[in-house]
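Reading through the structure tokens given below for one structure.
Rule-based calculations on the coordinates, nothing more; no lab input. Nothing here was measured: the structure is a model prediction, and the numbers come from that model. Note that each Cβ is placed from the backbone with ideal geometry, even for glycine, and that neighbours are counted across all protein chains shown.
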Amino acid sequence: MTRAYRAAIVGTGGIANAHAEALAAAPGRVRLTHAVDVDQERASEFADRWSVPGAAPVIASTDLADVLARTREAGEPLDLVHVCTPPQSHFALAAQVLAAGVDVLLEKPPTLSLAELDQLIALEQETGAHVGVVFQHRFGAGAQRLRAMLDAAPSPLGRPLVALCNTLWYRDAEYFAAPWRGRWDTEGGGPTMGHGIHQLDLLLAVLGPWSEVTAMAGRQARETDTEDVSMAVVRFANGALASVVNSVVSPRQTSALRFDTEHATIELEHLYGYTDADWTFTPAPGREDLKELWTSDPDAATSSHSSQVLAILDALDAGLPLPVPATDARETIELVAALYASAFTGRPVRRGEIGPGHPFAAAMDGSGAPWARPAAAPGTEPDAAEPPAVTAPVPTVEAAIISATVPPSAETPPSPAAHIVVPAAAGLTAAPTPITEETR
């Protein structure tokens, strides 16, 4: 590497500060050059906050297309664009960045649907630029240590047998007052898609490909279009079985994973990010010798945006795709879609079943959430069998851009497009908030 990479952040709400902090933690390797937001004042405040004394100031803008064009024309094109906007804008913004030949890092969830993600994967092939997805829990030292132990041949832990994956969080009615939250068309889903997805991704990163899921979902307490609780049993290709619980109605909050192998139990409990101290290792009776293989390091990498950004910079140095590429993230998004499909149709769903044209490929609510359907007549069974045989529309960049030209109304929030960064109607006009997952 002969120069520091140039990065821009699009969307300057709460989570954007975690991205800016991660970039600032790698001085000399990367520099934040632009902050883009639909609100010029907020973009300027963010740019001022993250400008480094003695260095060129961060430039604030409301026009991503202009930033991409001007930096290219000046001979200083961006190397990486961080998309930190609400989920409904991710697809169009990422497509725009890829079309400019620039790598893009998407906050979770990367897209609203499996079909959108597949379209971005196709655009990667066309443009040569890459998509990375923020799943920072993969980059903590504990997760990497566990994965290495399971990958060893033979593994000292033996085969993975059972796993638990719980995201039990609490989000009140005020949290869901933001118009884009709790809606299929703007957030993509409830806690399965927007909250538990981090733990679910780590579960897959450790155990590998899944093969089948059986699930249930419901609205227990929140007045949302989406679920506020989901539960699932997942079978993995290696034979392991896992239970998954996602909730935003649980007052004692925790994020917890447990892996039971033939010779040990490995557990992680944290909330929004873990350190090495959050892991515990319990050997099976008679296998106490394994305990010495798990040594906590207080200075080890945490599960943070900073850890993932450092891995991204290493990949850029080596000329490799961004860590957690779209193809890897697709495994997680496919499981999310399958979980919803199982919950809403009342049957198990196998990996690979949700292909092009499937209702749950086009949208996570597929053929419709059970609570959104008309009540069944007395004495009849609700229709929860097969999804309707319809062809789901494949999203296109052109469609996303055209739809954004329609003036927004109070009933229909604007869709993202080339010059739209954070939809003004999406409830993101407040000042930036502290860096916690509660701002997501």
Query - Burial ranking of peptide ranges 38-49, 89-100, 201-212 (average Cβ count within 10 Å, highest at the top) - result: 89-100, 201-212, 38-49
Query - Set of region 283-316 residues, backbone N closer than 19 Å to the point 7 Å along the Cα-Cβ line of R159 - result: 284-285
Report task. Compute the separation of the alpha-carbon centres of region 59-117 and region 165-179 and state it in Å as a whole number. Result -> 27 Å
**Report entry** Percentage relative contact order, region 294-364, counting C-alpha pairs under 8 Å, at least six apart
**Finding:** 20 percent
Report task. Over the alpha-carbon set of region 1-53, divide Rg by the Kirkwood Rh and report the Rg/Rh ratio to two decimals. Result -> 0.97
Query raised in the report: What order, most packed first, do the peptides 241-252, 323-334, 71-82 have when packing is the mean number of other Cβ atoms within 10 Å of each residue?
Result: 323-334, 241-252, 71-82
Report task. Just report the Cα centroid separation between region 243-301 and region 143-163, whole Å. Result -> 13 Å
Requested in this report: May I ask which residue of Y272, S342, G368 lies farthest towards the positive end of the charge dipole of region 242-372, with charges of +1 (Lys, Arg) and -1 (Asp, Glu) on Cβ and the Cα centre as origin?
Outcome: G368
Query raised in the report: Mind checking the log10 I(q)/I(0) for region 35-89 at q = 0.21, 0.27 Å⁻¹? Debye, one equal scatterer per Cα, no solvent, two decimals.
Result: -0.90, -1.23
Report task. Using only alpha carbon positions, build the gyration tensor of region 10-146, then give the equivalent ellipsoid semi-axes as the square roots of 5 times its eigenvalues, largest first, whole angstrom. Result -> 23, 20, 15
**Report entry** Segments 229-237, 111-119 sorted - mean Cβ within 10 Å per residue, highest first
**Finding:** 111-119, 229-237
Query raised in the report: Once the principal axes of the Cα atoms of region 129-288 are found, what is the range along each, listed largest first in whole angstroms?
Result: 53, 42, 31
Query - Stretch gain in nm, segment D172-A277, where the contour uses 0.36 nm per residue and the Cα spacing is subtracted - result: 34.8 nm
Query raised in the report: Sorted from fewest to most neighbouring beta carbons within 10 Å, what does the list D365, D299, D185 look like?
Result: D299, D185, D365
Query raised in the report: How far apart, in nm, are the 7 Å Cα→Cβ label points at D299 and W371?
Result: 5.0 nm
